[in-house]
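Asker: Mind having a look at this structure? Questions to follow.
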Amino acid sequence: MAVKIRLARRGRKQKAIYDIVIADARAPRDGRFIEKIGSYNPGTNPSSVVLDTAKAVDWLLKGAQPTDTARSILHHEGVMLRKHLQVGVIKGAIGQDVADARFEEWKASKTDRNVSAADSLSAKKDSEKQAKLDAERKVNQSRAEAIAKKNTPVAEEVAAEEVSEEAVADEAVAEDTTDAPAAE
């Protein structure tokens, strides 16, 4: 019987969550399986994986073949490296303590990479947010200037009209005064 490590879909439409299962190769994707060893949620950022690495390594050593996507997830979680190191221990190439030390070293570097990636992602989000706020401030400032410019000429025109009306009234009064002595 060929045994596969693969994903079984669950969840609702457009919100898929996958179980990482050990199943007979002839069984349907979401059908019967031998054992569930974890879950994978691609909907989160970064995608989350919950995996029993000891069971995964055990099944790989027994001959279970992962699908391409499952292999990628197992590689990302360090299961493939742990299996590789365990094969070296079984063959006598390295000792168990050396294999464990190498795996812990890889795990520490992986944690550092994940932390730096999360920091850069949050820094990028903060800079994008700041850029959007700056752009919004510029737009608001230009709108305020346009409104001020629109309102300022009206006030100047009203003042100019009042001055011109007063000048016309003064000229009319002046004409009346000049006409009055000439008529007498």
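All of the numbers you see were taken from the coordinates with simple rules; none came from a lab. Treat the numbers as computed from the prediction; the structure is a model and nothing was measured. Glycine also receives a Cβ, built like all others from the backbone with ideal geometry; neighbour counts cover every protein chain displayed.
Asker: Mind checking which pairs have a first residue in segment 94-118 that is without any contact (Cβ under 8 Å) to a residue 40 or more places away in the chain and within 15 Å of His75 (Cβ to Cβ) and a second that is surrounded by 11 or more Cβ atoms within 10 Å (Cβ to Cβ) and among the basic types (Lys, Arg), Cβ under 8 Å, 6 or more apart or different chains?
Answerer: Phe103/Arg82
Asker: Looking at Ser72, Ser48, Ser109, which is the one that is farther than 25 Å from Leu7 by Cβ and surrounded by fewer than 16 Cβ atoms within 10 Å (Cβ to Cβ)? Lay out the reasoning, then the answer.
Answerer: Values: Ser72 fails: farther than 25 Å from Leu7 by Cβ; Ser48 fails: farther than 25 Å from Leu7 by Cβ.
So the residue among Ser72, Ser48, Ser109 that is farther than 25 Å from Leu7 by Cβ and surrounded by fewer than 16 Cβ atoms within 10 Å (Cβ to Cβ) is Ser109.
Asker: When Ala25 is evaluated against the numbered criteria (1) in contact with a helix residue (DSSP H, G or I) (Cβ under 9 Å, 6 or more places away or on another chain); (2) surrounded by fewer than 15 Cβ atoms within 10 Å (Cβ to Cβ), which criterion, by number, is the only one it fails?
Answerer: In the conditions (1) in contact with a helix residue (DSSP H, G or I) (Cβ under 9 Å, 6 or more places away or on another chain); (2) surrounded by fewer than 15 Cβ atoms within 10 Å (Cβ to Cβ), Ala25 misses (1) alone.
Asker: Go through segment 91-106 residue by residue and tally those that are exposed (fewer than 12 other Cβ atoms within 10 Å of the Cβ) and of a type in the set (A, V, I, L, M).
Answerer: Counting residues in segment 91-106 that are exposed (fewer than 12 other Cβ atoms within 10 Å of the Cβ) and of a type in the set (A, V, I, L, M) gives 1.
Asker: Go through segment 1-98 and tell me which helices (runs of 4 or more DSSP H), entirely inside it, have 2 or more residues that are under 30 Å from Val115 (Cβ atoms), more than 25 Å from the chain's Cα centre (by Cα) and of a type in the set (Val, Ile, Thr). Walk me through it before giving the result.
Answerer: Working: elements: 53-62, 68-77, 79-91.
Of the helices (runs of 4 or more DSSP H) lying wholly inside segment 1-98, those with at least 2 residues that are under 30 Å from Val115 (Cβ atoms), more than 25 Å from the chain's Cα centre (by Cα) and of a type in the set (Val, Ile, Thr) span 53-62, 79-91.
Asker: Where residues in segment 1-46 are touching a Pro at 6+ places or on another chain (Cβ under 8 Å) and basic (Lys, Arg), which of them is farthest from Thr69 (Cα to Cα)?
Answerer: Looking at residues that are touching a Pro at 6+ places or on another chain (Cβ under 8 Å) and basic (Lys, Arg), I get Lys4.
Asker: Is it the case, given these coordinates, that Ala56 is crowded, with 17+ Cβ neighbours inside 10 Å and in contact with a helix residue (DSSP H, G or I) (Cβ under 9 Å, 6 or more places away or on another chain)?
Answerer: Yes, satisfied.
Asker: Now, a different point. Being out of contact with any Lys or Arg (no Cβ under 9 Å at 6 or more places or on another chain) and under 15 Å from Asp24 (Cα atoms) is the filter; apply it to segment 59-69 and report the residue that is surrounded by the most Cβ atoms within 10 Å (Cβ to Cβ). Quick ask: steps written out before the conclusion?
Answerer: Within segment 59-69, the first condition is being out of contact with any Lys or Arg (no Cβ under 9 Å at 6 or more places or on another chain), and the residues that meet it are 59, 62-63, 68.
Going one step further and asking which of them are under 15 Å from Asp24 (Cα atoms), we end up with 59, 62-63.
Numbers: Trp59: 22, Lys62: 9, Gly63: 8.
Among those residues, the one meeting the criterion is Trp59.
Asker: Can I ask one more? Please list, ordered by first then second residue, the pairs with beta carbon atoms under 8 Å, 6 or more apart or interchain, first in segment 24-39 and more than 22 Å from Val50 (Cβ to Cβ), second of a type in the set (Lys, Arg) and surrounded by 12 or more Cβ atoms within 10 Å (Cβ to Cβ).
Answerer: Qualifying pairs under 8 Å: Asp24/Lys4; Ala25/Lys4.
Asker: Find the residue count for segment 40-69, including only residues that are in contact with a Phe, Trp or Tyr (Cβ under 9 Å, 6 or more places away or on another chain), in contact (Cβ under 8 Å) with a residue 24 or more places away in the chain and of a type in the set (A, V, I, L, M, F, W, C).
Answerer: 2
Asker: Among the residues of segment 99-155, how many are among the aliphatic types (A, V, I, L, M) and more than 31 Å from the chain's Cα centre (by Cα)? Outline the logic, then answer.
Answerer: Of all residues in segment 99-155, those among the aliphatic types (A, V, I, L, M) come to 99, 101, 108, 115, 117-118, 121, 123, 131, 133, 135, 139, 144, 146-148, 154-155.
Okay, now just the ones that are also more than 31 Å from the chain's Cα centre (by Cα), so 99, 101, 144, 146-148, 154-155.
Here the count works out to 8.
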